[in-house]
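Chemist: Next up is a structure, given as structure tokens.
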Amino acid sequence: MARKLRSWRSDRLDGHDACLLLEIRLPMKRDLSVPRHLAIVMDGNGRWAKKRYLPRFFGHKAGVDTLVKVINGCADRGIEFLTVFAFSSENWKRPDDEVSGLMGLVLVAVTKYLAKLARDGVRIVIVGDRNAVSDRLRTAWTEAEDVTRHNTRITLSVAFNYGGRWDVVQACRQAVAAGMAAEQITEQSLSSYMAMRHAPDPDLFIRTGGEVRISNFLLWQVAYSELVFTDCLWPDFDVAALDAALAVYAGRERRFGAVTSGAVDPAPG
């Protein structure tokens, strides 16, 4: 029998305390299971900065530092693939100065952290529509991918100018351009044209920042992912919060539409 601890929110809790407020369903006894692929929507940078009376840019900067720590935390725990939502195709609607700051921050992050990530065995893959970004940014991404191409400790996929709907559309266009007939298009064949074809589908999806939605991230790939939402703002997300989310995942029973042998429906109420 499982015991349920349902998430709750309080305006009186801030920072690290909120990071541990997760919607969880833990069994009485079960070994910890580590997801092979973890996807994260890194939400809450702007609100983190606002709480400190800082411009939003400083929240994004703190978020980059958090990401580097989480990458190594994931690798240390045996997670093979980490995919993060860095900039959505809808984020172009934000103020010009914030968008410009984010573009510049990517360049700074590559300069500051690329050598370290390469030494740490991290393989970097950029996914998303590259047509709308500057030549400098595309060059930086190519360098990051080339330098880390042969690393195997963990694969970091950075979704930038990415949208789940865009991914499905571009995959369909590639399939048509390749001469694939309608009757030849299957889930498996279309998956081979997706931007995330280098990785298995995510086992666990985490969103920080308190919002409870997917926000057009990996729509095709998260069909059977376990979902965890936390009030923790992304810059406050640490290895303790990561471990709490992994504990949630370990407590979930993944059936992929099937029924577990001997399963009994819970009584009403």
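The values are calculated or read from the model by the stated rules, or taken from the named source; none is laboratory data. Small disclaimer: the values here were computed from a predicted structure and weren't measured. Quick reminder, even Gly has a Cβ in these numbers, built from the backbone with ideal geometry, and neighbours come from all protein chains shown. Only protein heavy atoms, including side chains, enter the accessible area calculation; ligands, DNA and RNA are left aside. Shrake-Rupley method; radii C 1.70, N 1.55, O 1.52, S 1.80 Å.
Chemist: So, R0 is 25 Å and r is the distance between the beta-carbons of Ala240 and Val34; what FRET efficiency does that work out to, to 0.05?
Modeler: Working: r = 16 Å, r/R0 = 0.64.
E between Ala240 and Val34, to the nearest 0.05, is 0.95.
Chemist: Let me check I've understood the local charge: for His198, count other residues with C-beta under 14 angstrom from its C-beta, Lys and Arg +1, Asp and Glu -1. What total comes out?
Modeler: That sum, taken over residues with Cβ under 14 Å, equals 0.
Chemist: Still on this structure, I have one more. Work through the residues other than Arg136 whose Cβ is under 13 Å from its Cβ and net out their charges, Lys, Arg +1 and Asp, Glu -1. It would help to have the intermediate numbers written out before the result.
Modeler: Numbers: positive: Arg130, Arg138; negative: Asp135, Glu143.
With Lys, Arg at +1 and Asp, Glu at -1, the net is 0.
Chemist: Additional query: Measure up Lys61/Lys93; Lys69/Lys112; Lys51/Lys116 against 24 Å on the Cα-Cα distance and list the ones that go over. Mind dumping the intermediate values first?
Modeler: On the way: Lys61/Lys93 20 Å; Lys69/Lys112 14 Å; Lys51/Lys116 30 Å.
Beyond 24 Å between Cα atoms: Lys51/Lys116.
Chemist: What figure in square angstrom, to the nearest 10, would you give for the accessible area of Glu211 with a 1.4 Å probe?
Modeler: Looks like 60 Å² after rounding.
Chemist: Oh, and also: So what's the Cα pair-distance distribution over the range 39-134, bin width 10 Å, in %?
Modeler: Final binned percentages: 13, 47, 33, 8.
Chemist: Now for a separate question. Largest first and to the nearest Å, give the Cα extent of the range 123-229 along each principal axis.
Modeler: Computed over the range 123-229, the largest-to-smallest principal extents equal 38, 35, 29 Å.
Chemist: Please give me the summed charge of the neighbours of Gln170: other residues whose Cβ is under 15 Å from its Cβ, Lys and Arg +1, Asp and Glu -1.
Modeler: With Lys, Arg at +1 and Asp, Glu at -1, the neighbours total +2.
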